[in-house]
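Undergrad: Pasting in a structure now, in C-alpha cells, and then I'll have a few things to ask.
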Amino acid sequence: MRLLVLGGTAFLGREVARAGLAAGHDVTCVARGESGAPADGARLVTADRSAPGLGGVEDERWDAVIDVARDPGQVARAVEALRGRVGHWGFVSTGNVYADHSVPGADESTPLLAPLESGGDEPDEYGGKKVACERSVLDGIGAERVLVARAGLLGGPGDTSGRTGWWPWRLAHPAVPGEVLVPDALGEPAQVLDARDLAAWLVRCGEAGTTGVVDAVGPTTTLGGVLAAAREASGSGARAVAADPAWLSEQGVGPWMGPRSLPLWLPFPEYAGFAARTGEAARALGLTTRPLVDTLLDVLRYEEERPADEPRRTGLEDDDERALLTAWHAR
Ligand SMILES: NC(=O)c1ccc[n+]([C@@H]2O[C@H](COP(=O)([O-])OP(=O)(O)OC[C@H]3O[C@@H](n4cnc5c(N)ncnc54)[C@H](OP(=O)(O)O)[C@@H]3O)[C@@H](O)[C@H]2O)c1
C-alpha cells in the first residue's frame, strides 16, 4: 500500500511511519523536518502546511493517508488537495474534543466542544480546533472512508512530554534514596495508550478500510496501577510517600504535566472521567494494547538515553523533591 503520513517527524507520526514500513508499505511523510527525522526507510517530503501545497504529494495517488495535525487550516487544505486521490483517511484526534470530562466510562456519544478555526494550546482551544479538523475530514473525504481516532494519553519511547516516562524514571532514580513523592490520590483513574499500538492499529485500519469515529484509549487503570507497573519496570524498591493533594497544591506542585508537576495526577472533579473513557468501540475495531509494564520499561530506557543536559519537561527537580519530602515529613 502507498501510505502518506502527514507529520511523521515527531512521536506518534514517526511510529505510524515505522508501523507502515514494518507492514511492508511504501511510506512517505510530509513535514517541515523541524521536529526530527522520519523513520529510517520513509521518504520525507518537506513542506510547510501553513501555506498551500504539500510538496507535490498532492499530485500522487495514495491508498491511505494518516494525519496528526492540530491546525484546522492545515487539515482543510490537505483534504482539499488530496480528495479524489486517496482511498482511506485516518485522522488522529483527541479526547479533548469533548465538552465534558466528568463522567467515568463515557463514550463517543459525549457532546463535543464547538469547533474553533484557530486558537492556542489550552485544552479547550486545542479540543475545539480538533473538532473543526474532524469535521473537515468527515465532510471533505466522506465518513465512509474515514477513521477518526480520538486518542487518550499516549506513552512510550519518544514521549517528549515526559508524562509517561516520569514514574518509571523517578522510581529508578529517586531524589531521596528509597523514597518517591506521590500524590495521595492513587485510586484516581489513569489510561496510557502505547503510541506504537495506536500506530500499528491506524495502519491496519488503512489496510482494511476500517471507518468510524472512536476513542482510542489505553485500558483503564489507576494512578496506583501506573505506579505498580512503573515499580515493576524499574525494579525499584523505593517506597511511595503519599502526600496530601491539598498540601501539594499549597506548595505549588501542579498536576498532570509540566515543570513542578506530579504527572498523570488529575485532582479535579471536572476531569474525573478524562482518563476513564470506555474505549470499547476502538477495541471492537481491532485496537489492541500491550501490557502497561512493557510500555513503561521501554519509556524508561528512552528516558535514560536522553541527553543529561536536556531539560525535563515534566516532574520535579531532584533538589525540589528532596525539599518537599523533608517538608512533608516535618509537618
Ligand atoms: N501525546 C498525547 O498524549 C496525545 C493525546 C491525544 C492526542 N494526541 C494527538 O496525537 C498526535 C501526536 O502527533 P505527533 O506525536 O506526531 O506529534 P505532533 O507534535 O502533534 O506532530 C506534529 C507533526 O506535524 C508536523 N508539522 C507541524 N507543523 C507543521 C507545518 N506547519 N507544516 C508541516 N508539518 C508540520 C511536525 O513536523 P515538523 O515540525 O518537522 O514540521 C510533526 O511531524 C496529534 O494529533 C495529537 O493531537 C496526542
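Undergrad: Quick test for you: out of 17, 76, pick the one residue that is in a helix (DSSP H, G or I) and touching a Pro at 6+ places or on another chain (Cβ under 9 Å). Break it down into steps so the answer makes sense when it comes.
TA: Values: 76 fails: touching a Pro at 6+ places or on another chain (Cβ under 9 Å).
Going through 17, 76 in turn, just one is in a helix (DSSP H, G or I) and touching a Pro at 6+ places or on another chain (Cβ under 9 Å): 17.
Undergrad: Which residues, counting only those in the stretch 209-240, are over 25 Å from the mean Cα position of the chain (by Cα), assigned to a strand (DSSP E or B) and crowded, with 18+ Cβ neighbours inside 10 Å? Walk me through it before giving the result.
TA: So in the stretch 209-240, the residues over 25 Å from the mean Cα position of the chain (by Cα) come out as 235-240.
Restricting the remaining residues to those that are assigned to a strand (DSSP E or B) gives 239-240.
Listed by number, the list holds a single entry, 240.
Undergrad: May I ask you to say which residue of 160, 164 is within 12 Å of the ligand (Cβ to nearest atom), closer than 30 Å to residue 112 by Cα and either out of contact with any helix residue (DSSP H, G or I) (no Cβ under 9 Å at 6 or more places or on another chain) or in a loop (DSSP other than H, G, I, E, B) (or both)? Give the steps one after another, and end with the answer.
TA: Details: 164 fails: either out of contact with any helix residue (DSSP H, G or I) (no Cβ under 9 Å at 6 or more places or on another chain) or in a loop (DSSP other than H, G, I, E, B) (or both).
Checking each option against the conditions leaves just 160.
Undergrad: Going through the stretch 94-116 one residue at a time, which ones are exposed (fewer than 13 other Cβ atoms within 10 Å of the Cβ) and farther than 18 Å from residue 189 by Cα?
TA: Those that are exposed (fewer than 13 other Cβ atoms within 10 Å of the Cβ) and farther than 18 Å from residue 189 by Cα: 109, 111, 114.
Undergrad: While we're looking at this one, here's another question. Regarding the stretch 119-127, can at least one residue be identified that is within 15 Å of the ligand (Cβ to nearest atom), among the charged types (D, E, K, R) and more than 28 Å from residue 46 (Cβ to Cβ)? Spell out the reasoning first.
TA: Step one: of the stretch 119-127, the residues within 15 Å of the ligand (Cβ to nearest atom) are 119-127.
Checking the rest, the ones that are also among the charged types (D, E, K, R) come to 121-122, 124-125.
If we keep only those that are more than 28 Å from residue 46 (Cβ to Cβ) as well, we get 122, 124.
Looking for residues that are within 15 Å of the ligand (Cβ to nearest atom), among the charged types (D, E, K, R) and more than 28 Å from residue 46 (Cβ to Cβ), one finds at least one in the stretch 119-127, hence yes.
Undergrad: From the residues in the stretch 1-11 that are surrounded by fewer than 24 Cβ atoms within 10 Å (Cβ to Cβ) and either more than 17 Å from residue 47 (Cβ to Cβ) or over 15 Å from the mean Cα position of the chain (by Cα) (or both), which one is nearest to the ligand (Cβ to nearest atom)?
TA: Filtering first and then ranking leaves 11.
Undergrad: Mind checking which residues of the stretch 144-177 are within 19 Å of residue 74 (Cα to Cα) and surrounded by fewer than 18 Cβ atoms within 10 Å (Cβ to Cβ)?
TA: The answer is none; no residue qualifies.
Undergrad: Confirm whether residue 121 is surrounded by fewer than 21 Cβ atoms within 10 Å (Cβ to Cβ), under 23 Å from residue 299 (Cβ atoms) and not assigned by TED's automatic domain parsing to the domain that holds residue 254. Give the steps one after another, and end with the answer.
TA: Working: surrounded by fewer than 21 Cβ atoms within 10 Å (Cβ to Cβ): yes; under 23 Å from residue 299 (Cβ atoms): yes; not assigned by TED's automatic domain parsing to the domain that holds residue 254: yes.
For residue 121, the condition - surrounded by fewer than 21 Cβ atoms within 10 Å (Cβ to Cβ), under 23 Å from residue 299 (Cβ atoms) and not assigned by TED's automatic domain parsing to the domain that holds residue 254 - is met.
Undergrad: Check the stretch 103-113 and report whether any residue there is under 26 Å from residue 157 (Cα atoms), more than 12 Å from the ligand (Cβ to nearest atom) and under 20 Å from the mean Cα position of the chain (by Cα). Lay out the reasoning, then the answer.
TA: Initially, the stretch 103-113 is screened for residues under 26 Å from residue 157 (Cα atoms), giving none.
Checking the stretch 103-113: not a single residue is under 26 Å from residue 157 (Cα atoms), more than 12 Å from the ligand (Cβ to nearest atom) and under 20 Å from the mean Cα position of the chain (by Cα).
Undergrad: If you go through the stretch 18-36 one residue at a time, do you hit one that is more than 24 Å from residue 154 (Cβ to Cβ), in contact (Cβ under 8 Å) with a residue 24 or more places away in the chain and within 12 Å of the ligand (Cβ to nearest atom)? Can you show your working first?
TA: Here is the first cut: in the stretch 18-36, the ones more than 24 Å from residue 154 (Cβ to Cβ) are 24, 26.
From the residues that got through so far, the ones that are in contact (Cβ under 8 Å) with a residue 24 or more places away in the chain too are 26.
Those left that are additionally within 12 Å of the ligand (Cβ to nearest atom): none.
No, that holds for no residue.
Undergrad: Let me ask you something else. Against the definition (more than 20 Å from the chain's Cα centre (by Cα), at pLDDT 95 or above and among the acidic types (Asp, Glu)), how does residue 309 come out, yes or no?
TA: Details: more than 20 Å from the chain's Cα centre (by Cα): yes; at pLDDT 95 or above: no; among the acidic types (Asp, Glu): yes.
When the stated conditions are applied, residue 309 does not pass them.
Undergrad: Mind counting the residues in the stretch 85-98 that are outside any strand (DSSP E or B) and either near the ligand (Cβ under 10 Å from one of its atoms) or at pLDDT below 95 (or both)? Outline the logic, then answer.
TA: Step one: list which residues in the stretch 85-98 are outside any strand (DSSP E or B), which gives 85, 95-97.
From the residues that got through so far, the ones that are either near the ligand (Cβ under 10 Å from one of its atoms) or at pLDDT below 95 (or both) too are 95-97.
So the count comes out to 3.
Undergrad: Checking the structure you have, find out if any residue of the stretch 43-57 is more than 8 Å from the ligand (Cβ to nearest atom), within 22 Å of residue 197 (Cβ to Cβ) and in contact with a helix residue (DSSP H, G or I) (Cβ under 6 Å, 6 or more places away or on another chain).
TA: No: the stretch 43-57 contains no residue that is more than 8 Å from the ligand (Cβ to nearest atom), within 22 Å of residue 197 (Cβ to Cβ) and in contact with a helix residue (DSSP H, G or I) (Cβ under 6 Å, 6 or more places away or on another chain).
Undergrad: Among the residues of the stretch 133-183, which ones are of a type in the set (D, E, K, R) and either within 28 Å of residue 84 (Cβ to Cβ) or in contact with a Pro (Cβ under 6 Å, 6 or more places away or on another chain) (or both)? So that I can check it myself, show each step before the final result.
TA: Taking the stretch 133-183 as the starting set, the residues that turn out to be of a type in the set (D, E, K, R) are 134-135, 139, 144-145, 150, 159, 163, 170, 179.
Listed by number, the residues that qualify are 134, 135, 139, 144, 145, 150, 163.
The values are calculated or read from the model by the stated rules, or taken from the named source; none is laboratory data. In this text, all values refer to a predicted model and were calculated from it rather than measured experimentally. Don't worry about glycine lacking a Cβ; one is built from the backbone with ideal geometry, like all the others, and counts go over all protein chains shown.
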